[in-house]
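Notes for the one structure printed next.
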């Protein structure tokens, strides 16, 4: 069976996350989007963990869970994110975000007890702990050898293991002797597999893609696609990733990396951004302050292969734009507007789940259920015929699905324009 999985989510207890997130809401939203498997997120937070224990039951001894009383629908994997804060060998402060998956509540409770001494687990669903990334991984695997740990949004400037602020140029440097337990990296919204394939030292790792959602509607904006037996369990999923088994780990679903909010270098306050492919620039042209060095810049720094290179064992991927975002663009309305919500629900009722609409449903059926413009937007995304003004320094990129922008171009806009063919 096809399994679409999102391994990096958040609860309402994580900083800057929607107060409406519940485990039931995650299951309902996942089903609507066509997602089969979700991380519970934030399993170290006392209140959220209590909610998980009250609402989830294990499916046999599979290491996966479902809502109590349900027979089908979305399955859950126990997971959470931790920020490790420590001083590196170079004497500089380091912050790395790490995602952890475990197969049982017993292991979660043991880990919670172990990590409580390193920071306040109740302060944030994504707690910051005074320990190195290597220490965290060691403690996780001492508790459960079946654990799955991956580096979150590995290129993000402030919290990625390879981000501009990390000071690390390899996963080995970041995780030291515990790197042997790291066999997957999360590409993050501002990079895709093609960018990562340019760095040969990353060939050994599987590349996973997840939403890192802070609200229910962002669930599955990036995801992983598997082909597994209907009675699959935790070990089947983790094994497919660990082994980079193309017969089971079929593909990833990606944001266009230019849409991510750290793709280019830039300075948010001055609305200034810079394409590092045009040459390195360290400071803002407007005010002279330091730029936030983005993902493309860091990939260029570490790359030892040309753009377009694909390793023999590279898992395929497709770029995608969420359906609600497509509808909002076509209708020239906000994504949270009543009109967009009404059209979104109508398409789901008539055509099926969101991923099926975006990938498989024939365009004539989409046109009959919506509008010519919505159908054309989906066709353009499928064929990678879109224009993007890339994101920078915390500002999401602007997607132009029908090339309708009439803005008078300035040099920054010209430099940022990119047509996918």
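Observations
- Scanning region 303-322 for residues that are within 24 Å of residue 260 (Cβ to Cβ) and either without any contact (Cβ under 8 Å) to a residue 40 or more places away in the chain or in contact with a strand residue (DSSP E or B) (Cβ under 7 Å, 6 or more places away or on another chain) (or both) gives 315, 316, 317, 318, 319, 320, 321.
- Hey, residue 292 crowded, with 20+ Cβ neighbours inside 10 Å, outside the structural domain of residue 157 (by TED's automatic domain parsing) and within 23 Å of the chain's Cα centre (by Cα) or not: yes
- Filter result for the condition that a residue is at pLDDT below 95 and outside any helix (DSSP H, G or I), over 220, 167, 163: 167
- The residue that is nearest to the chain's Cα centre (by Cα), among those in region 353-376 that are free of Cβ contacts under 8 Å to residues at least 12 places away in the same chain and within 22 Å of residue 254 (Cα to Cα), is 360.
- Scanning region 272-285 for residues that are closer than 13 Å to residue 391 by Cα and either part of a strand (DSSP E or B) or without any contact (Cβ under 8 Å) to a residue 12 or more places away in the chain (or both) returns 272, 273, 274.
- Condition check for residue 112: assigned to a strand (DSSP E or B), in contact (Cβ under 8 Å) with a residue 60 or more places away in the chain and in the same structural domain as residue 238 (by TED's automatic domain parsing): no
- Matching entry among 90, 72 (being modelled with pLDDT under 95, closer than 30 Å to residue 60 by Cβ, out of contact with any strand residue (DSSP E or B) (no Cβ under 7 Å at 6 or more places or on another chain) and assigned to a loop (DSSP other than H, G, I, E, B)): 72
- Close Cβ contacts (under 9 Å, 6 or more residues apart or on different chains) running from residues in region 57-73 that are in the same structural domain as residue 31 (by TED's automatic domain parsing) to residues that are assigned to a loop (DSSP other than H, G, I, E, B) and exposed (fewer than 10 other Cβ atoms within 10 Å of the Cβ) comprise 57/68; 57/69; 66/72.
- When 225, 237 are checked against the criterion of being touching a strand residue (DSSP E or B) at 6+ places or on another chain (Cβ under 7 Å), buried (at least 20 other Cβ atoms within 10 Å of the Cβ) and assigned to a helix (DSSP H, G or I), 237 stands alone in meeting it.
- Among (1) assigned to a helix (DSSP H, G or I); (2) surrounded by 21 or more Cβ atoms within 10 Å (Cβ to Cβ), the one test that residue 53 misses: (2)
- Selected residue (criterion: farthest from residue 257 (Cα to Cα)) from residues of region 338-351 that are surrounded by 14 or more Cβ atoms within 10 Å (Cβ to Cβ) and free of Cβ contacts under 8 Å to residues at least 24 places away in the same chain: 350
- The listed residues are 288, 230, 239, and the only one of them that is modelled with pLDDT under 95 and over 30 Å from residue 12 (Cβ atoms) turns out to be 230.
- Of the residues making up region 41-50, none is without any contact (Cβ under 8 Å) to a residue 60 or more places away in the chain, out of contact with any helix residue (DSSP H, G or I) (no Cβ under 8 Å at 6 or more places or on another chain), surrounded by fewer than 18 Cβ atoms within 10 Å (Cβ to Cβ) and not in a helix (DSSP H, G or I).
- Flag for residue 30 being more than 25 Å from residue 114 (Cβ to Cβ) and not in a loop (DSSP other than H, G, I, E, B): yes
- Identification of helices (runs of 4 or more DSSP H) wholly contained in region 342-389 with 3 or more residues that are under 20 Å from residue 223 (Cβ atoms) yields 354-359, 372-382.
- Each residue in region 56-79 was checked for being at positive phi and surrounded by 17 or more Cβ atoms within 10 Å (Cβ to Cβ), and 1 of them qualify.
The values are calculated or read from the model by the stated rules, or taken from the named source; none is laboratory data. Only a predicted model underlies this, so the values are computations on that prediction, with no experimental measurement involved. Cβ coordinates were reconstructed from backbone atoms using ideal geometry, including for glycine residues, and neighbour counts include every protein chain displayed.
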